[in-house]
Amino acid sequence: VTYEGTNQIKDTKINRLVHDYEIFSMLENENISTMYDHFSDIINALKGLKDLSTLSLEDLLGSLMTHELRMNDQTKNEAKKKMITLIASKDEESNEDKD
């Protein structure tokens, strides 16, 4: 009881951690590894206070890294499309100047 606290204190800690878990999101300046460490801290604290079913954090990390790669590819593709649009716009302007 001295180390873990009373049931009311444990419930309060669990509620705070569950809230942190529910609103968890990746920050703009955060990479996957840092985000994973932050997420692991929340999960491990919850595991210490509450009996949770086994979570496969390695699978989660792999999925998140795959998602990050896809998002990077999507960003690169959007940048290429903008560049092509810009080049096409410049070509149209130069054709209008010739006319």
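Quick one: length gained pulling ILE9 to ASP73 fully straight, 0.36 nm per residue minus the C-alpha distance?
Details: separation 64, 0.36 × 64 = 23.04 nm, distance 4.57 nm.
Length difference between fully extended and current span is 18.5 nm.
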Quiz item: Tell me, what is the 1.4 Å probe accessible area of THR75, in Å² to the nearest 10?
Solution: 80 Å²
Practice problem: Taking 7 Å along the Cα-to-C-beta vector as the label spot, tell me the THR34-MET65 distance in nanometres, rounded to one decimal. | Solution: 1.8 nm
Self-check item: Neighbour net charge for GLN74 - beta-carbon separation under 14 angstrom, K R +1, D E -1
Solution: +2
Quiz item: Taking the Cα-to-Cβ direction at VAL18 and at LYS81 and moving 7 Å from each Cα, how far apart do the two end points lie in nm?
Solution: 4.1 nm
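The values are calculated or read from the model by the stated rules, or taken from the named source; none is laboratory data. Note that the structure is predicted; figures quoted are calculated from it, not measured. So basically every Cβ, Gly included, is an ideal-geometry build from the backbone, and we count neighbours across all protein chains shown. Keep in mind that these areas ignore ligands, DNA and RNA; they rest on the heavy atoms of the full protein, side chains included. Shrake-Rupley method; radii C 1.70, N 1.55, O 1.52, S 1.80 Å.
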